[in-house]
Every structure is written in structure tokens, then in C-alpha cells.
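Contents: one structure, followed by commentary.
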Amino acid sequence: MPFLPTNLNEARDRGWSEIDIAIVTGDAYVDHPSFGAAVIGRALESAGYRVGIIAQPDWRKDEDFLALGRPRLFFGITAGNMDSLVSNYTAQRKKRNNDAYSPGGQPGLRPDRATIIYANALRRLYKGVPLVLGGIEASLRRIAHYDYWQDKVRASILSDAKADFLVYGMGESAVLEIAHGLEKGLDSAQMQDIRGTAVFSAEPPAQSDIILSDNLACADKVTFLRMTRLFEGHHQTEVVFQMNGNRWIRYNPPAETLSEEALDAVYALPFEYEPHPRYGGQMIPAFEQIKDSLTSHRGCYGGCNFCAISVHQGRKIASRSQASILTEAQNLVRKRGKALTLTDVGGPTANMYASNCSLGWPDSCKRASCLYPKICANLRPGHAPQLELLDKLEATEGINRVFIASGIRHDLALRSPRYIEALALKYTGGRLKLAPEHSVPSVLRLLGKPGIESYEEFARQYFSLCKKAGLKRQIIPYIIIGHPGTTIQDALELRKWLVANRLRVEQVQEFTPTPMTVSTCMYYTGLDYWTGQPIHIPKPGEVRRQKELALWHLKATEKKTAE
């Protein structure tokens, strides 16, 4: 199938006099299932709608927003695959000098708070056309939230953008339901109960509904903590209400996790697996990174407190069938016209593929994580199906090698010695990336990560297998510094552990408070999420010092060079 049209001339080439739905995105248009705008566009197209894409419009020029004309049903708006402020700024609030989702990595092609800026322009230019917000920026800002870049609590992005609907999560089913409703002449007031959406609402109808403190009251830090706990405790299964900007917003529970058949159908959509020709072959870094990789599943039940994946993709795993993944691999070989090395087969966490809860989470359980503080007895891991899948991919004509580059949970992998052996001998090349994140127990508790002993045991088994096979391998640990509750003494203990284990980390992640995570709640309030007691919040200078301590080998190298 050709690319979705990006202007009226391309729409006319398809024989369309108008379009039904226009999707405005802060990313370059890459027709690939790793890019949210492309997935939603293709899903709507498969349902019979005429869909166009306006990619990275210059928000200072009306003509960019006029490229597709007035859509018959609605505008879909997304900042892209990342929050626009995370795309544009570092953890130190400095302007980034590149953007992985733009042609040539060029920065500055999306505005700060892109969702709101795009909505303002479209509302002015196309009065009366419904606006539907989506993507990770909308997902993570759907309730009153702490905004790190302004250092204040902001209202729901639905309130700020004055849109008609907010779709959170992966979005396919909710967007299709909205499109069908608008096609029938319904409006947002008549579509109040679509799962995976937030909408403006009349006053909460019943005492049983969960009511959060209004967004202004949440500027009080204790109230913000209570609001976050209440939302986390109820939103998976119940309708939640909150007052934002003097209007009630209704937050429906998440969309049902896609079945294997439904997820297979998403990845069977006719993607081009390339950037749009308008970019003239310019490299788009994010595409280059994933172009020869396959997504096997969605979701993550790890429950890491600093991570936004479960807030967006959900905690319940949706896995594709082996047949679907094998078919995509074969299609990719045909499209590329050459044999391929699959650089990754995975998802947010590779070894969660095909795993599930024997009790049917979330209705059966209120745990925030299936792995922390210990692995739940009702979790059924899927290491054997994943290994079977990898073996079949390796045997596929046109596939040279298969690797796993997605993160893995080492504590979960310890349940399957055979899986660790396969990683060591076949599927990770020379370097395996793991995320212990820290070594100090008190910090790991705040992070929601397992004790460092599980990392050490995994490394022991992994290197033992490599040694027996005569292979040289490395484990590259991911470390996070500056997390709420960490002190310089914790950083010194981390350095001591890294030195003792001769671990030279290549990259240290500075904690960035992204909206709606538990860790961000602790950063803003200065309170332990579970006990409500005050915790230390590192200042920027201390964060830099923690980073220096974690990168101990760089100082040692500099000293040796000077001598």
C-alpha cells in the first residue's frame, strides 16, 4: 500500500476529494509499526476511513496545518513517540542538540508542549472539528500532574488543550470506537464510557465513583501524594473523576488488552517499513535503530517506579503469535531485498513475551508489580515460547542472525537456566545490557528494583557459561543516579560496588521526573510514596557528583593519561 497522504494532491492521487481523519504528529512520518501515528493511521485505514498524516508541521505557519484541508470526522493529535519536553530538553533542562525522530536528527522541529500547540492551531483554523489527543504526551499528562520543566502541578492536558477526547495507552480500539461514534453523529457527551479515554463530564453521578482532589488542591504536596495513591489504586478497574479548570474530567479504565488475534492484525497492516519519500533519503535516527527489529509483545509488569512504560502500554502483556512474527520477518526480508540480521526481537522487556497471570490480573490483584518485592507465585513466565520463537526465526530463509537488544529482567531470567544459556551463547552478541540501576538496598526499594544479589547471580551464571564455551562476553549495566532518596553516601557505596566488580558503565541515566510515575511523585513531594516520611531529594550539583562517582573509570583513565 502507498504511504498515507500528507497533502491534498496525494489524497487526490487516491481518488479522494476529502479525508475523514487527519493525524498531526510531532515525529517525522515513518510508516512502521514502531511509530504510533503510523499504527493509528493504518488501523483507521483498515476500517475504511480516509486518513492523512501531517508530520512535524511548523506551528508558526498556518499553511502547514491546512495541508489536508478540513477532515470530515476529526483531527488526531500526538506529540510523537516521546513527550515533547523530553525530546527537546535534557534532565538538566538544557536544550538538546538533536532529535532522534526528525530527519537528519535535526532539533527544533516540534514545539514544547506540542500537543497543546497543535490543538490551539487546529481549533483556530477549523472551528467545530473534534480534536482527539493521543500518544505518550497525552497519556502521561491525562490527570493533574507535576511538570518538571515548569516545577509546578499542571492541569490535565485535556483541559489545557480544550480537546474533545483524550486517548491514553496504545489507542487502536479507543480511536476506532470514537471514529465509529462520530460517524453516527454522536459527540463526546454521548460517548462517555469508552475505555482508554478521558472526556469532560457532568458532575460525578454516584458515591461509588472515585473522586480525586481537584488540580489546584494538588499543588499541596500531601494532597498530591494522596491523589497519586488513589489514582494508582483504582484506575485499572474503576471510573475516576477529577476537577480540572472548573470542569469535571472522567477517566475511564484502560482499554482491554488486545488479544493475540487482534495484536496480530495490527502488525499485519500494510506498512511500508520506510520513512516517507518527502525526506529524500535523509536518515531518521530512531528508524535506523529499529528498522531491522521486530516487536514481539507490548506491556510490562515490572513495576519500576521511575518508568512510564506501564503507565502508557499497561502492565498486562499482549503477545503476538509466532506465526505473525515469522510472517513479518519474511515480509521484511522481501522489502529489503537482501538477507537480514534481526537486531532485536522483543518489547519493553524481552523475556516477558508469552507470560501471563494465572489469576487474570488486574481484576484479581492490586499489586503494582508482578516481580517486586518478589516474583508473584501466580506469574507464568514465557521463556520456553520465546526460545522456540527465536529458533524458528533463525531458521527462516533470509535471516542470518537473531539478537535480543531489548532489556531483560535478570531476576525473571533466573527462573530459566536454559534461557540464560541461550542468551550467553546465541542471542546477545558480545554485549548484554542489564539494568540493576543501583546497588544500595534502600535506593533499590525506592526504585522498585530487586536486590543486587539477583544481578550478581545472573552475571555469575552467564559468565560461567561463556567461559565454558570459550566466548568473550560483556555485561553492560544501566545505572540511574539522582533518584529521589539517594544521597552522596549511596553514590559512594555504588562506586565501591562498581569498582569491586570491575564494572565500567558506559552511560549513566540522570533521573528525569516524567509525569505520572511514582518516582516523580516522590521527587515533587519529597515524601516516601509508601510511608509518607520525608526523603532526600538531590540538588543538581549533587546529581553531577553522583554521576562522576558512577563513572569512576573515566577519572581513573584521565589520571593515568596525565601521569
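A short reminder: the numbers here are calculations on the coordinates, not readings from a lab. Please read all numbers here as calculations on a predicted model, not as lab measurements. Because the Cβ atoms are built from the backbone with ideal geometry, glycine has one as well, and the counts that use them run over all protein chains shown.
Here GLN236 meets each of (1) of a type in the set (S, T, N, Q); (2) assigned to a loop (DSSP other than H, G, I, E, B); (3) touching a Ser or Thr at 6+ places or on another chain (Cβ under 7 Å) with one exception, condition (3). The set of residues in region 341-367 being surrounded by fewer than 17 Cβ atoms within 10 Å (Cβ to Cβ) and either out of contact with any Asp or Glu (no Cβ under 7 Å at 6 or more places or on another chain) or not hydroxyl-bearing (Ser, Thr, Tyr) (or both) consists of SER358, LEU359, GLY360, ASP363, SER364, CYS365, LYS366.
When the criteria are applied in full, ALA377 meets the requirement of being loosely packed, with under 14 Cβ neighbours inside 10 Å and either assigned to a loop (DSSP other than H, G, I, E, B) or of a type in the set (D, E, K, R) (or both).
Scanning region 38-56 turns up at least one residue that is within 25 Å of the chain's Cα centre (by Cα) and surrounded by fewer than 20 Cβ atoms within 10 Å (Cβ to Cβ). Candidates SER310, SER319: the one that is under 25 Å from SER358 (Cβ atoms) and in contact with an Asp or Glu (Cβ under 9 Å, 6 or more places away or on another chain) is SER319. Of ALA395, ALA435, ALA405, all but one fail to be aliphatic (A, V, I, L, M) and surrounded by fewer than 18 Cβ atoms within 10 Å (Cβ to Cβ); the exception is ALA395.
Considering (1) under 25 Å from the mean Cα position of the chain (by Cα); (2) more than 17 Å from PHE271 (Cα to Cα); (3) acidic (Asp, Glu), the lone condition that ASP31 does not fulfil carries the number (2). For GLU397, the criteria (1) within 24 Å of VAL333 (Cα to Cα); (2) of a type outside the set (Gly, Ala, Ser); (3) not in a loop (DSSP other than H, G, I, E, B) hold in every case but one, which is (3). When you scan region 71-152 for helices (runs of 4 or more DSSP H) that lie fully inside it, which ones turn up with 2 or more residues that are free of Cβ contacts under 8 Å to residues at least 40 places away in the same chain and closer than 28 Å to ARG12 by Cα? The helices (runs of 4 or more DSSP H) meeting that bar are 114-125.
Quick one: is LEU465 within 24 Å of CYS300 (Cα to Cα) and in contact with a helix residue (DSSP H, G or I) (Cβ under 8 Å, 6 or more places away or on another chain)? Even if it seems obvious, please write down each step before you answer.
Numbers: within 24 Å of CYS300 (Cα to Cα): no; in contact with a helix residue (DSSP H, G or I) (Cβ under 8 Å, 6 or more places away or on another chain): yes.
When the stated conditions are applied, LEU465 does not pass them.
The residue that is nearest to LEU182 (Cα to Cα), counting only those in region 56-70 that are of a type outside the set (A, V, I, L, M), touching a residue at least 60 places away in the same chain (Cβ under 8 Å) and not in a helix (DSSP H, G or I), is GLY69. Taking region 183-205 as the range and being surrounded by 18 or more Cβ atoms within 10 Å (Cβ to Cβ) and out of contact with any Lys or Arg (no Cβ under 9 Å at 6 or more places or on another chain) as the test, the residues that pass are SER188, MET191, ILE194, GLY196.
Pairs are defined by a Cβ separation below 8 Å, a sequence spacing of at least 6 or placement on different chains, a first member in region 8-27 that is touching a residue at least 60 places away in the same chain (Cβ under 8 Å) and crowded, with 22+ Cβ neighbours inside 10 Å, and a second member that is in a loop (DSSP other than H, G, I, E, B) and of a type in the set (Gly, Ala, Ser); the pairs so defined are THR25/ALA79; THR25/GLY80; GLY26/ALA79; GLY26/GLY80; ASP27/GLY80; ASP27/SER102. On the stretch given as region 464-494, residues that are touching a Phe, Trp or Tyr at 6+ places or on another chain (Cβ under 9 Å) and within 26 Å of VAL518 (Cβ to Cβ) total 7.
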